[in-house]
Amino acid sequence: MIDKHLQNRKSVLAGIMMIIVVIYVLQLINLQIFNPTYKEHADSNAFLNKTQYPARGLMYDRNEKLLVYNKPAYDIMVVLNEVEPFDTVDFCKAVNLSVPFFKSLINKLPKDKGYSYIPQLLLSQLSVEEYAVLQEKLFKFPGFYIQNRTLREYTYPCAAHALGSVGEVSKTNIEADDYYRSGDYAGMNGVEKHYEKELRGKKGVEILLRDYRGRIKGKYEEGEMDIDPISGKNLTLSLDIDLQMYGEQLMQGKVGSVVAIEPATGEILAMVSSPSFNPSDLVGRQRTKNFRALNNDPIKPLLDRPLMARYPPGSTFKVVNSLIFKEEEIITPATRFSCNNGFVAGRLRVGCHHHPNNLDLVGSIQHSCNAYYCHGLRAMLDNKKYGSTENAFTVWKDAVVSFGFGYKLGVDFPNENRGYIPNAEVYNKIYGKGSWRALTVISIAIGQGEVISTPIQTANLAAAIANRGYWYPPHIVKHIEGGKIDSMYYKKRHTVVDPKHFDSTIEGMRMAVVAGTARVAAIDSVEVCGKTGTAQNPHGKDHSIFMAFAPKDNPKIAIAVFVENAGFGATWAGPIASLMMEKYLKGSINPKRKYLEDRMLNTNLMPSAKKH
Amino acid sequence: MLRNIKISQAVDWPTILMYIVLVIMGWISIYGASYDFEHPSVFDFDQNAGKQLLWIGSCVFICISLLMIDSRIYDVFAYFIYAAALVLLILTVLFAPEIKGSKSWLVLGPVRIQTVEIAKFATGLALAKFMSRYNFRLKGFKNYLPVLLLIITPMALVLFQKEAGSALVFLAFFLMLYREGMPGVLLYLAGCCVILFIIVIKFGSDLLQPTADSIGAILAVFFIIITQLGFLFVFTKNLKQIKYIGLGYVFVIVIALVVNLIIPVSYLYFLAVAMFLSVLYLSWLSIQLRAKPYVLIALFTIGAVAYAYSSDYLFTSVLQPHQQMRIEVLLGMQNDPTGAGYNVNQSKIAIGSGQFLGKGFLNGTQTKLKYVPEQDTDFIFCTVGEEYGFWGSVLVLGLYLAFLLRLLHMAERQRETFSRVYGYGVVSIFFFHFAINIGMVLGLAPVIGIPLPFFSYGGSSLWGFTILLFIFLRLDASRLEKMR
């Protein structure tokens, strides 16, 4: 019995089947081809990317003494959906926590479903000892894991500002550099920050397989896709750690800076910021607490004074002026200016200490004669050959800047201050265009007034004079293992002053030590050249400044010392600079000068200050 | 008149070939699904893949036996087999232990069988036997009732086993009934039921308190109106009346729009009035023209409205909360990837992550790490999707389509009603399993736990499907024995 009408129904059924299959293929296209989110979702399901943290690069001093290295630390991670009921008291005892604090830690973790199977940081930076206690008990606490990390460890309790510290990255860090993930560490200041890219190395990743209950099921592809971490590069610093330590001891109880530079290279030999602190204080779980204490201290121990403190350069600036005047042919070394206990022009009077009258250039530096430089500056700025005071001033300013003032030197630190050298425009604004003369701005002749320098700029000036006319940007990293330091540190920067003009100025600095204001800085059998300075301080006692280099020929060290609120340069800064140079050049202090050393070591100029 | 033919020549080799390929692909998928990254072992008979190999081996024996048996035996013993299957189902209901929430496994010593698999081919045989009676026509209550009873009895018993999914499989026989003369409009009405249900559940259950924006109700009404006009066209071909009624609706809608400019009144009231008028008009036409279809269409309209109103009640009061949940998740009303939607969500992730080329054999992480539940049974297709990607999935779907179309072709070519009815039953069951299983895995059909034939792990289902198929292959092989 054949029914044509019903036979056609086979085609209807076949049509339904084909339509269903087409619908399914369309859904497959949707799922597998047009929708990458499923792939991402699958990967985040199944792969646990465990970060392998690299060891941070080590730091050595210029004599290959190890300064900064790593010690292991352990973070406790928790995967919430694997945690089973456990003995909270036992756990807290093992990690040395109070039970309520532990509970607050647990409660702080995000509880969304997406987080419940991801390892989250519960407690960071357990010490080896704490870890040892916990490790034996860890099997009792499913869901808790240990993540290996490293912390910084310091061989010497000094150079905290220069070395810098390492801390947990902030949101801003993460946004600026997608290398970082929340909880990572990075250099926060000093060398640690400036050389972060070299020191941090490269994180590796271990890809683990995780099943639906969050259990680890071994390595993906037997670890073939894993990326091994690459250790950070080791740095050799130009710092001489013994000199640094000695400097910190000398500066104890004083507020100020010491910067010592090797003139031939621009390498920083010592960089003391006082008051200082132990770099180990800013490591590990104590970091936050100690940082807060240091940050709240009114003397600002965290301030990196050598790079950031702004002072008028005072009389040290006279040597710059002496060189510029010679270069501009305003004076010759033989030029003499009279001094009647100071510089007098109409009602204006710049006082001078008692010293012989009518000095030549060498004598003016030797005795730090104010009048000499006021006359000199007046002779330059009011000189007709420039056309106007403004033009003359611009020539003067450009010459000053060529010594490294007014702009950042380009040191390898993240927080350098540029100091301040005014330009003609500034005076035009204050006094009106064309209505200011040399006498209006006369205080810049002796390093007061608008000019501002930082200790490192002053040390750099010492180096530029020691080199008779050029300097290298000061820097603290001498060598990067498997890398190169910035080529700018090999590039000579010439001052506008011709080398031939330096001899008389240097002779003046030499004479200051031999028979002038800086006699206290003399060292047996070393030709020290120095210049004292006193920076006027509107807020209190003047700052004591000393700038020097030695030996006179073929100098090995250039130094600048600033002691805040300590009076004349010769009283405090001079002896400290001198002891530093002696220590560096001769290795030890001559017993005859022991009294000086003791006085420096034992004097506390800030009795009210908190000791760190 | 009979003539003897060689089975090996008469049997449909293309189908057997497709069967073998599907079984092998199935085994590879099971091997992939039960592979453990930590303990890779190829032929461990404690593992599912190893066990499945034993089942496949035993199927070779079953296939050969079934092809050797004289085909007339099925005709003779059809009712007996059916009765035996019913007895097994009853025994199962009474004695089966509860495994994973269902009582579908009959445990006989070391052997566990899922009796519903036997009931499937037994019901197919019984239906074939009954419908191949001399002068049987699928018409009238007297003929329909036994057929429906044959289908509903095993279905009810399976429902008692708390296996709703397997029970629904028996509905597949209605596809066969359609081929055997059941009016197509019934299939369409069944489709209407599903569509109305979805509209009402998805777009709002506020039918009893209509508001101006009860979209669900308005959509449902429009669906009913369009169906009504469609029926009028198919069954009366009276274009004039269709035009009148259609214009009537348009007129009412325009009035509703105008009134709403003045005061907001729910469109639903206007549409209800319009439909009421259409029912009156259709009844009047039926009397005037002395034609039955008009009044039937009027009845459909009333019935559809009543059904739409009651679907909401059906959903909230008849269905279990977990069933409601599944439906809501399927309709996208609930987004609960860890709860009711977890299986489907993970299954979509596994398949979607395969992308075009797939991750490669044994490289599927989602299935290996057991993110997909039931991945070697109901969700076995995930492994295909994840490890072989789009091309592999399409290949499998294509192979199934070829297999189904081949069976359809074979069913239609039968010369005996018995073989044809049985053949259509076989096609219908395979199609139902295929469509629902893949649809479920792809997130297009509700999660009804039924296996994918030849792919899903399990001895009972593999045996059941093999027997179902090979009885038909044997019947097909002997189609030329009887000369007419």
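The rows are residues; the columns are (1) acidic (Asp, Glu); (2) free of Cβ contacts under 8 Å to residues at least 60 places away in the same chain.
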{"site": "A:ILE261", "(1), (2)": "no, no"}
{"site": "A:THR265", "(1), (2)": "no, no"}
{"site": "A:ILE268", "(1), (2)": "no, no"}
{"site": "A:PRO275", "(1), (2)": "no, no"}
{"site": "A:LEU282", "(1), (2)": "no, no"}
{"site": "A:ARG287", "(1), (2)": "no, no"}
{"site": "A:ASP297", "(1), (2)": "yes, no"}
{"site": "A:LYS300", "(1), (2)": "no, yes"}
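The set of residues from segment B:451-466 being surrounded by fewer than 24 Cβ atoms within 10 Å (Cβ to Cβ) and either over 9 Å from B:GLU117 (Cα atoms) or of a type in the set (Val, Ile, Thr) (or both) comprises B:GLY458, B:GLY459. Within segment B:355-373, take every residue that is touching a Gly at 6+ places or on another chain (Cβ under 7 Å) and at pLDDT below 85 and give me the one that is farthest from the other protein chains (Cβ to nearest Cβ). Going through the qualifying residues, I end up with B:PHE361.
Tell me yes or no: at least one residue of segment B:443-456 is closer than 28 Å to B:SER353 by Cβ, within 11 Å of chain A (Cβ to nearest Cβ) and assigned to a helix (DSSP H, G or I). Taking every residue of segment B:443-456 in turn, none turns out to be closer than 28 Å to B:SER353 by Cβ, within 11 Å of chain A (Cβ to nearest Cβ) and assigned to a helix (DSSP H, G or I). Just so you know, in segment A:87-113 the residues that are farther than 15 Å from A:GLU136 by Cβ and assigned to a loop (DSSP other than H, G, I, E, B) include one that is nearest to the other protein chains (Cβ to nearest Cβ), and it is A:ASP112. Output yes when any residue across segment A:189-199 is in contact with a Pro (Cβ under 6 Å, 6 or more places away or on another chain), away from every other protein chain (no Cβ under 14 Å) and part of a helix (DSSP H, G or I), and no when none is. The answer is yes; a qualifying residue exists. Residue selection: B:VAL273 fails the criterion of being at pLDDT 85 or above and within 15 Å of B:THR227 (Cα to Cα). Scanning segment A:202-228 for residues that are closer than 20 Å to A:ASN81 by Cβ, at pLDDT 75 or above and more than 9 Å from chain B (Cβ to nearest Cβ) yields one hit, A:LEU208.
Within this structure, B:VAL169 fails the test of being more than 14 Å from every other protein chain (Cβ to nearest Cβ) and either under 20 Å from B:ILE226 (Cα atoms) or not in a helix (DSSP H, G or I) (or both). So, of the residues in segment A:1-15 that are hydrophobic (A, V, I, L, M, F, W, C) and not in a helix (DSSP H, G or I), which turns out to be nearest to the other protein chains (Cβ to nearest Cβ)? By that ranking, first place goes to A:MET1.
Taken over segment A:56-99, the criterion of being small (Gly, Ala, Ser) and surrounded by 17 or more Cβ atoms within 10 Å (Cβ to Cβ) is satisfied by A:GLY57, A:ALA73, A:ALA94. Taken together, the residues in segment A:211-245 that are surrounded by 16 or more Cβ atoms within 10 Å (Cβ to Cβ) and either assigned to a loop (DSSP other than H, G, I, E, B) or in contact with a helix residue (DSSP H, G or I) (Cβ under 6 Å, 6 or more places away or on another chain) (or both) amount to 13.
Yes/no matrix, rows are residues, columns are (1) among the polar types (S, T, N, Q); (2) modelled with pLDDT of 90 or more:
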residue: B:SER8; (1), (2): yes, no
residue: B:ASP12; (1), (2): no, yes
residue: B:VAL23; (1), (2): no, yes
residue: B:GLY26; (1), (2): no, yes
residue: B:TYR31; (1), (2): no, no
residue: B:PHE37; (1), (2): no, no
residue: B:PRO40; (1), (2): no, no
residue: B:GLN47; (1), (2): yes, no
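I need the full set of residues from segment B:388-419 which are within 10 Å of chain A (Cβ to nearest Cβ), part of a helix (DSSP H, G or I) and either farther than 30 Å from B:TYR31 by Cα or in contact with a Lys or Arg (Cβ under 6 Å, 6 or more places away or on another chain) (or both), in order please. Result: B:LEU408, B:HIS409, B:ALA411, B:GLU412, B:THR417.
Annotation: of all residues in segment A:16-43 being facing another protein chain (nearest Cβ under 7 Å) and within 55 Å of the chain's Cα centre (by Cα), the one that is surrounded by the fewest Cβ atoms within 10 Å (Cβ to Cβ) is A:ILE33. Is one or more of the residues making up segment A:44-57 within 14 Å of chain B (Cβ to nearest Cβ), assigned to a helix (DSSP H, G or I) and either more than 22 Å from B:CYS382 (Cβ to Cβ) or of a type outside the set (S, T, N, Q) (or both)? Among the residues of segment A:44-57, at least one is within 14 Å of chain B (Cβ to nearest Cβ), assigned to a helix (DSSP H, G or I) and either more than 22 Å from B:CYS382 (Cβ to Cβ) or of a type outside the set (S, T, N, Q) (or both), which makes the answer yes.
Does B:VAL60 count as at pLDDT 80 or above, of a type in the set (A, V, I, L, M) and closer than 28 Å to B:LYS162 by Cα? Considered against the rule, which asks whether it is at pLDDT 80 or above, of a type in the set (A, V, I, L, M) and closer than 28 Å to B:LYS162 by Cα, B:VAL60 comes out as no. With respect to the conditions (1) in contact with a Cys (Cβ under 6 Å, 6 or more places away or on another chain); (2) without any contact (Cβ under 8 Å) to a residue 60 or more places away in the chain, A:MET509 lacks only one, and its number is (2).
The values are calculated or read from the model by the stated rules, or taken from the named source; none is laboratory data. Given the structure is predicted, the values throughout are model-derived calculations rather than measurements. Ideal geometry is used to build each Cβ from the backbone, glycine not excepted, and the neighbour counts take in all protein chains shown.
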